[in-house]
Amino acid sequence: MILRGEYFSEQAREVGMAEVSLIPQSEYIGKTLRQMAFRTRYSLNVIGIRRNDKLIETNQIDEELKVGDMMLVIGDWSQIRQLQSNNRDFLVLNLPAEVDEVAPAISQAPHAVLCLVLMIFLMVSGIVPNVIAALLACLLMGKFRCIDMESAYKSIHWPSLILIVGMLPFAQALQKTGGIDLVVQGLMDAVGDMGPRVMLLSLFILCATIGLFISNTATAVLMAPIAVAAANEMQVSALPFAMVVAIAASAAFMTPVSSPVNTMVLGPGGYKFSDFIRIGVPFTLLVMVVSVLVIPVLFPF
């Protein structure tokens with residue numbers, strides 16, 4: 001059976017995935033999935049087996065299991081919970097928080113959509129600042145019981161928040177000490193006479209280069225003042241320069257550390273650093289060309 005993304009979207013409330021490992025005392029060590037009758041006994045499907053960082057891709061059902069083997073299973077949350085209780089043979093790892101949210105507040109979905117539409121309207125209309133609009137939407141979500149306080153706290157990505165808070169004074173220090181002026185002057189000396197479009201290209205390349213070593217969030221915080229200062233130096237609108245920084249920082253495809261998303265899929269996907277380079281470089285070049293051509297049209301200098 002081929003499991004597509006639509007299947008998980010439709011069955012997310014009942015179906016989930018989990019990583020399972022055999023413990024040293026398990027009676028199933030040395031046996032195959034066929035001998036265990038795993039699917040019949042536990043009503044779960046094994047869709048992947050990993051051993052010593054290597055994926056067993058063929059004949060998984062007849063592969064003798066060893067201590068430390070990692071199995072990726074899919075099935076009903078209730079069956080995954082039942083497997084977790086069998087601590088004599090299995091250890092269920094990385095059980096996601098969704099297992100405790102098998103029955104979400106479906107009846108509150110219209111209220112959630114209403115909060116989202118209201119937030120977008122407030123942001124587009126400019127009636128209130130974007131921060132106030134987002135905060136108001138969050139408060140309404142809580143008021144309508146679309147989300148509880150515990151889930152709200154869990155949804156906050158604290159590393160990114162701390163990173164932004166840490167990079168803001170760093171960018172301010174660069175501005176106070178003249179570091180930004182030094183970078184802008186270097187850009188002006190190099191490409192200032194070639195026009196604002198070439199400056200956009202240079203800013204994109206600089207953002208992409210910095211994004212190889214730090215996260216995309218930190219790159220945007222660091223590069224935004226430089227882009228605005230470069231626009232002021234050229235006496236053109238800062239909007240296209242700020243936009244190219246936002247897009248270049250978001251186009252973080254080339255390294256695992258460029259984005260939290262890249263880092264999250266690195267381990268489960270078994271990817272190598274070279275995989276990100278091989279796929280990320282063409283995508284980054286494509287985004288760069290499109291951005292340099294389209295941004296000045298949408299946001300004129």
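Please treat every number below as a calculation from the coordinates, not as lab data. Note that the structure is a prediction, hence the values are computed from the model and not measured. Neighbour counts are summed over all protein chains in view; Cβ atoms, including those assigned to glycine, are modelled from backbone coordinates with ideal geometry.
Averaging the sequence gap over all C-alpha pairs within less than 8 Å and six or more residues apart, then dividing by the number of residues, gives the range 106-155 a relative contact order of 41 percent.
Exposure proxy shown here: for Tyr42, Tyr153, the number of other Cβ atoms within 10 Å sets the order, fewest to most, as Tyr153, Tyr42. Using the Cβ-Cβ distance between Ser85 and Asn130 with R0 = 30 Å, the FRET efficiency computed as 1/(1 + (r/R0)^6) comes to roughly 0.05.
Between Arg278 and Ser78, the C-beta separation translates, for a Förster distance of 45 Å, into a calculated FRET efficiency of about 0.65. Annotation: lysines with alpha-carbon distance below 22 angstrom to Lys272 (same-chain offsets under eight excluded): Lys54. Taking label positions 7 Å along the Cα-Cβ direction at both Arg41 and Val297, the computed distance is 6.2 nm, reported to one decimal.
Here Leu93, Leu239 are placed in order of increasing Cβ neighbour count within 10 Å, fewest first, which gives Leu93, Leu239. Between Glu19 and Ser151, the modelled labels are 2.5 nm apart [label points 7 Å from Cα along Cα→Cβ]. Taking a straight Cα-Cα cut-off under 25 Å and skipping sequence neighbours fewer than 8 places away in the same chain, the lysines within cross-link reach of Lys143 are Lys154. Legend: ranking of residues Glu233, Glu27 from fewest to most surrounding C-beta atoms inside 10 Å; resulting order Glu27, Glu233. The gain in end-to-end length when the Arg51 to Leu116 segment is fully stretched comes to 19.0 nm, 0.36 nm per residue minus the alpha carbon separation.
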